[in-house]
Amino acid sequence: MRDLLFEIGMEEIPAGFLEPALSFLQKRFVDKAAELHIGCGATRAMGTPRRLTLMVERLAEMQEDTSEELLGPSKKAGLDDQGRFTRAAEGFARSKGAAVEELQVVDTPKGEYLMLRRRQAGVATITLLPELLHGLLLDIPFAKSMRWGSNRHPFARPIQWLVAMFGDEVVSFEHEGIVSGRTSGGHRFLAPQRFAVESIALYEEQLRQRFVVVDTARRRQQVVSAIEQAVAGVERLAGGRVAIDEGLVDTVNNLVEMPFAVCGTFDEKFLQLPDEVLITSMREHQKYFPVVDDKGRLLPGFVAVNNTRVNDLAVTRKGHQRVLRARLEDALFFFASDREKSLAARVEGLGGIIFQARLGTMAEKKDRLVKLVKALADKIDPALAEDGCRAALLCKADLLTDMVGEFPTLQGIMGGAYALHDGEKDSVATAIVEHYMPRRAGADIPAGDLGAILALADRFDTLAGCFGIGQVPSGTVDPFGLRRISLGILNIIAGKGYTLSLQEMVHKALALYGDKVAGGAETVAAVMAFIKGRFVNDCVSRGMAADAVEAATAVAFDDVNDCLSRINAILRFRREAAFTVLAASYKRVKNIVKDNRLVTVDSQLFAHAAEKALYELFLEVEKEMQAYLGRKEYEAALQVMLRMKEPVDAFFDGVMVMDEDLAVRQNRLNLLTALGNLILEIGDISLLQEG
C-alpha cells in the first residue's frame, strides 16, 4: 500500500468556492475508489485559495479481482430444440466480448436463463490513477466556471500546476497542456519559486517552510490566534478583544495561505452609528473583525487579516484605516441625511418600489400587512393591534433610505433606529427590527409578540401571493425563499406557543390580494400542503420519529402547537408496553370498517352482550377522553383509551361484524368506526411501525 497526493495549483479562487470543492474531491474519490474496487485508508481534502489538495492513506497497489454474473436470454430463447445456441445467445455473448460456449443455464425466480459468469483480474492501481485523477479535476462543480484562454474545459480559475504522486512514483497525465508531476508552488509573494515535493510525508512541512498552511483546520486556528494577538499590542484598545464571527473567520481562512493580522483604529465619532452599521461596514466590505470591550460594546478598533507579511506594519495599518475611514464617512453621512426625513414621511414613496411584478408595489404590500397584523393581533392579543398596525405601516419605509441602499442587509435594523429617532414607541421600533427574524434557519425568532405578529404577517403575505400566481418552488429552484419563509412561520408559532389556524391565515392573506391572485380552496390547499411538508421535514430533522410525525399530521395539520403536542404524546406513549395493545386493536378496527363514515349506533339492534358492553364502555371512555382532548392532554387521553382493550377483544371473539342482517352489520360497523374516530382525534396510529 502507498499514500496518494493530488494537488491542483491555480490562480486564487473565491473564498466561497473552496470548501464545496474540497468536499466534492474527497467524496468523489472515495466513491470512485469503491466503484473500481481499490481499497484505501483515511482521506483528507485540504486547500488554500491557490490549491486543492487530496491526500489518501494506504491506497492499495492492486485493484481487487472481481467476478460478475450477467443474465442473458431465457433458455427457451437461447437454445433451440437440439440444444444448440441461437442467434439471441450468440448476440448476447458477442456483446459481452465472450465466446458463446461460456454461457451456462441457471435457474432463476423467473425460470431457466443463460448466464455468463466471468472473473476479472485486478490491474495495478497506478494504471487506473491517471484517468481517475483527471476525471476528478474535470468533475469539480463550481458556482461559476469559465474557459480560460484556449482551454476547452471550464474551471473556476486558470490551473497553473498539477502534483500527482503515488508513493514516490509520479502519476502522469496531461490537462490543457499541463503535465502532472511533483512540482508545486509556495506562497505567491513570500516564496514564489516552484519546488519539488520530496515525499508525500514531507508535503505539508515543505509548504509550511514556504509560508503556506495547507491544512484548512490548522490555518483556521492560526487565523483566530493571529487576530487575538493583534489586538493585544494596541494601547488605545487596552482591554479589548476581537468579536469573533465564525462565518467571517471561515471566509478569511479561505482567502489566505498563511494569516498575518494587523489591528487598526478609527475616529470615535463613528461610534455614534448603530453597532450594526459599523459591524456591517467592517465585515461585509472589508472582511475586518470589530473590537469590543469586556461588556461587548464596540471600541474604535478593528483587525484585518492579510495574506502576506509586511516589513512596515504601520504602513499597512494606515492603509486599512484609510479604506475603512472612507466607508464610515459615507455611512455617517447617510445616517445623518436619512434622519432628516421621518419614516412616516417616506411611506408614500413605497409606491415606487416593486414587491413583485404581478403582485404590485411595496405600498400595496404595506396595506395588506396592516390588515393581516390586525387579524393576527385579534387572535393573539388584541391589545397589540394599534402598535402592530403602526409597525406594519412603517416596517418597509427604510427601503427608501440611503443607508439600506448601501447596506441592504441592514433593512429592518435601520428602520428600528430611525423609528426611535422619530419618536415612535420602543415597541414599534423593536417590531420593525424583529419582523425580519429569523433571518436564516436556526436563527433567533422575534423576542416580542409585536415583532412576531408582524413577522408572521409579512411571511403569510409573501407565501400566499407567490402561490397565488403559481410561483411555486420546484426541485432546488426557490427564487423567493418560500421554504425558508414557511420554516420561519412554523418556528415563530412554535417558539411563541401561539394557537393559530394556518388555513385561516392563508385564506385571509390570499383574500387581501383580491383578483391579483388565484385564490380559492385549491390554492389554500396547495399552500397548506407546502407548509405541512416543511413541518414534517423539520420535525424529522430535529430527531422526531418520522412515523409518529406522519401519524399526527395525517389526521390534522392546521394548529402547529396542537400538532406538536399530539406528536410528543404519541412519542411518549409508544415507549410503553401498552402501545402495542392499542395499536393492534386500532389496526384491526381500521381494516374492518374501511371506508365507513357513519357513527350512529342503535342499541336496539344489539344481539350479543359483548357489543352492548363495548358500547356502554365506549360512551364512558368517549366522555372522559373528550374532557382530556379539550385540555389537549393527549397522553392522558390515550391512557383512557386503553380501557377499551378487553371489551374490544371480547367483541371480536364473540361477534360476527359482517352479519347477514344488513342493519345489524351496519350498526356494528358504525360502533367500530366511532371507536376508531376517538383515536383519530390524536393520530392515525396504524401508521406507526412497531419495534
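Go over the candidates V549, V555, V536 one by one and state the one that is free of Cβ contacts under 8 Å to residues at least 40 places away in the same chain, buried (at least 16 other Cβ atoms within 10 Å of the Cβ), more than 21 Å from I445 (Cα to Cα) and of a type in the set (A, V, I, L, M).
Details: V555 fails: free of Cβ contacts under 8 Å to residues at least 40 places away in the same chain; V536 fails: more than 21 Å from I445 (Cα to Cα).
It is V549.
Quick one: which of A457, A419 is over 28 Å from L502 (Cα atoms), surrounded by 24 or more Cβ atoms within 10 Å (Cβ to Cβ) and hydrophobic (A, V, I, L, M, F, W, C)? Even if it seems obvious, please write down each step before you answer.
Values: A457 fails: over 28 Å from L502 (Cα atoms).
Matching residue, one of A457, A419: A419.
Scan region 508-527 residue by residue and report those that are part of a helix (DSSP H, G or I) and either among the acidic types (D, E) or crowded, with 19+ Cβ neighbours inside 10 Å (or both). If you could, list the steps in order and put the result at the bottom.
We begin by selecting, within region 508-527, every residue part of a helix (DSSP H, G or I); these are 508-511, 514-516, 521-527.
The answer is K508, A509, L510, D515, E522, T523, V524, V527.
Matching residues to (1) closer than 20 Å to G47 by Cα; (2) out of contact with any Asp or Glu (no Cβ under 8 Å at 6 or more places or on another chain); (3) among the charged types (D, E, K, R):
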{"residue": "P109", "(1), (2), (3)": "no, yes, no"}
{"residue": "E131", "(1), (2), (3)": "no, yes, yes"}
{"residue": "L138", "(1), (2), (3)": "yes, yes, no"}
{"residue": "H153", "(1), (2), (3)": "no, no, no"}
{"residue": "A156", "(1), (2), (3)": "yes, yes, no"}
{"residue": "S180", "(1), (2), (3)": "yes, no, no"}
{"residue": "L190", "(1), (2), (3)": "yes, yes, no"}
{"residue": "Q193", "(1), (2), (3)": "yes, yes, no"}
{"residue": "S199", "(1), (2), (3)": "yes, no, no"}
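Could you count how many residues in region 558-594 are buried (at least 18 other Cβ atoms within 10 Å of the Cβ) and not in a helix (DSSP H, G or I)?
So the answer is 2.
Given the conditions (1) touching a residue at least 40 places away in the same chain (Cβ under 8 Å); (2) at negative phi, and given that G167 satisfies all but one, which numbered condition is not satisfied?
Only one criterion is unmet by G167, namely (2).
With respect to A419, determine if the residue is in the same structural domain as R483 (by TED's automatic domain parsing), within 27 Å of E284 (Cα to Cα) and either touching a Lys or Arg at 6+ places or on another chain (Cβ under 6 Å) or modelled with pLDDT of 95 or more (or both). I'd like the intermediate steps shown before the answer.
Working: in the same structural domain as R483 (by TED's automatic domain parsing): yes; within 27 Å of E284 (Cα to Cα): yes; either touching a Lys or Arg at 6+ places or on another chain (Cβ under 6 Å) or modelled with pLDDT of 95 or more (or both): yes.
Yes: the conditions hold for A419.
Of the conditions (1) farther than 23 Å from A21 by Cα; (2) not in a loop (DSSP other than H, G, I, E, B), L133 satisfies every one except a single condition; which number is it?
All conditions pass for L133, except number (1).
Could you pull out the residue among D65, D107, D80 that is within 18 Å of L128 (Cβ to Cβ) and of a type outside the set (S, T, Y)? Spell out the reasoning first.
On the way: D107 fails: within 18 Å of L128 (Cβ to Cβ); D80 fails: within 18 Å of L128 (Cβ to Cβ).
Among D65, D107, D80, only D65 is within 18 Å of L128 (Cβ to Cβ) and of a type outside the set (S, T, Y).
When only residues in region 159-186 that are outside any strand (DSSP E or B) and surrounded by 14 or more Cβ atoms within 10 Å (Cβ to Cβ) count, which is modelled with the lowest pLDDT? Full working, then the answer.
Of all residues in region 159-186, those outside any strand (DSSP E or B) come to 167-168, 171-173, 176-177, 180, 182, 186.
Remaining after also requiring surrounded by 14 or more Cβ atoms within 10 Å (Cβ to Cβ): 167, 171, 173, 176, 180, 182, 186.
Details: G167: 94, V171: 95, F173: 95, E176: 91, S180: 95, R182: 95, G186: 96.
Among those that are outside any strand (DSSP E or B) and surrounded by 14 or more Cβ atoms within 10 Å (Cβ to Cβ), it is E176.
Under the condition of being crowded, with 17+ Cβ neighbours inside 10 Å and aliphatic (A, V, I, L, M), which residue from region 40-59 is nearest to L114 (Cα to Cα)?
Going through the qualifying residues, I end up with L59.
For region 607-635, enumerate the residues that are buried (at least 16 other Cβ atoms within 10 Å of the Cβ) and without any contact (Cβ under 8 Å) to a residue 12 or more places away in the chain.
Across region 607-635, the qualifying residue is only E633.
Since E112 meets every condition but one in (1) part of a strand (DSSP E or B); (2) out of contact with any strand residue (DSSP E or B) (no Cβ under 6 Å at 6 or more places or on another chain); (3) among the acidic types (D, E), which condition does it not meet?
(2)
Select from region 368-382 the residues that are in contact with a helix residue (DSSP H, G or I) (Cβ under 7 Å, 6 or more places away or on another chain) and either under 25 Å from E340 (Cα atoms) or in a helix (DSSP H, G or I) (or both) and list them in ascending order. Give the steps one after another, and end with the answer.
Narrowing region 368-382 to residues in contact with a helix residue (DSSP H, G or I) (Cβ under 7 Å, 6 or more places away or on another chain): 368-370, 372-378, 380-381.
Selection gives R368, L369, V370, L372, V373, K374, A375, L376, A377, D378, I380.
Listed here are the residues, each with its yes/no results for (1) in contact with a helix residue (DSSP H, G or I) (Cβ under 9 Å, 6 or more places away or on another chain); (2) part of a loop (DSSP other than H, G, I, E, B); (3) among the β-branched types (V, I, T); (4) under 30 Å from V560 (Cβ atoms).
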{"position": "V599", "(1), (2), (3), (4)": "yes, yes, yes, yes"}
{"position": "E620", "(1), (2), (3), (4)": "yes, no, no, no"}
{"position": "M625", "(1), (2), (3), (4)": "yes, no, no, yes"}
{"position": "Y628", "(1), (2), (3), (4)": "yes, no, no, yes"}
{"position": "L638", "(1), (2), (3), (4)": "yes, no, no, yes"}
{"position": "P647", "(1), (2), (3), (4)": "yes, no, no, no"}
{"position": "V664", "(1), (2), (3), (4)": "yes, no, yes, no"}
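To keep it simple, each residue is scored yes or no on (1) part of a helix (DSSP H, G or I); (2) out of contact with any strand residue (DSSP E or B) (no Cβ under 8 Å at 6 or more places or on another chain); (3) among the aromatic types (F, W, Y); (4) in the same structural domain as H285 (by TED's automatic domain parsing).
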| residue | (1), (2), (3), (4) |
| --- | --- |
| V315 | yes, yes, no, yes |
| Q321 | yes, no, no, yes |
| L328 | yes, yes, no, yes |
| R358 | no, yes, no, no |
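Could you grab me the full set of residues in region 31-50 that are within 26 Å of P158 (Cα to Cα) and under 28 Å from the mean Cα position of the chain (by Cα)?
Those that are within 26 Å of P158 (Cα to Cα) and under 28 Å from the mean Cα position of the chain (by Cα): K32, T43, R44, A45, M46, G47, T48, P49.
If you scan region 601-618, which residues turn out to be closer than 11 Å to Q666 by Cα and assigned to a helix (DSSP H, G or I)? Give the derivation first.
Applying the first criterion (closer than 11 Å to Q666 by Cα) to region 601-618 yields 601-602, 605.
Residue satisfying the conditions is L605 alone.
Going through E434, E504 one at a time, which residue ends up being surrounded by fewer than 15 Cβ atoms within 10 Å (Cβ to Cβ) and over 16 Å from the mean Cα position of the chain (by Cα)? Step through it out loud before you land on a result.
Details: E434 fails: surrounded by fewer than 15 Cβ atoms within 10 Å (Cβ to Cβ).
Of E434, E504, the one residue that is surrounded by fewer than 15 Cβ atoms within 10 Å (Cβ to Cβ) and over 16 Å from the mean Cα position of the chain (by Cα) is E504.
Which one is nearest to F270 (Cα to Cα), of the residues in region 312-329 that are hydrophobic (A, V, I, L, M, F, W, C) and touching a residue at least 12 places away in the same chain (Cβ under 8 Å)? Give the steps one after another, and end with the answer.
Just the residues of region 312-329 that are hydrophobic (A, V, I, L, M, F, W, C), to begin with: 313-315, 323-324, 326, 328.
Subset that is touching a residue at least 12 places away in the same chain (Cβ under 8 Å): 313, 323-324, 328.
Numbers: L313: 24, V323: 14, L324: 11, L328: 7 Å.
Among them, the one singled out is L328.
Would you be able to say whether some residue in region 144-153 is more than 37 Å from the chain's Cα centre (by Cα) and either among the aliphatic types (A, V, I, L, M) or surrounded by fewer than 16 Cβ atoms within 10 Å (Cβ to Cβ) (or both)?
Of region 144-153, the ones more than 37 Å from the chain's Cα centre (by Cα) are 149-150.
Within this subset, residues satisfying the condition of being either among the aliphatic types (A, V, I, L, M) or surrounded by fewer than 16 Cβ atoms within 10 Å (Cβ to Cβ) (or both) are 149-150.
Yes, some residue in region 144-153 is more than 37 Å from the chain's Cα centre (by Cα) and either among the aliphatic types (A, V, I, L, M) or surrounded by fewer than 16 Cβ atoms within 10 Å (Cβ to Cβ) (or both).
Could you pull out the residue among D107, D31 that is modelled with pLDDT of 90 or more and loosely packed, with under 14 Cβ neighbours inside 10 Å?
Numbers: D107 fails: modelled with pLDDT of 90 or more.
Answer to the selection: D31.
Condition first: surrounded by 20 or more Cβ atoms within 10 Å (Cβ to Cβ), under 28 Å from A357 (Cβ atoms) and charged (D, E, K, R). Can you find one or more residues in region 473-482 that meet it?
Scanning region 473-482, I find no residue that is surrounded by 20 or more Cβ atoms within 10 Å (Cβ to Cβ), under 28 Å from A357 (Cβ atoms) and charged (D, E, K, R), so the answer is no.
The values are calculated or read from the model by the stated rules, or taken from the named source; none is laboratory data. Treat the numbers as computed from the prediction; the structure is a model and nothing was measured. Counting neighbours? That spans all protein chains shown, and the Cβs are built from the backbone with ideal geometry, glycine included.
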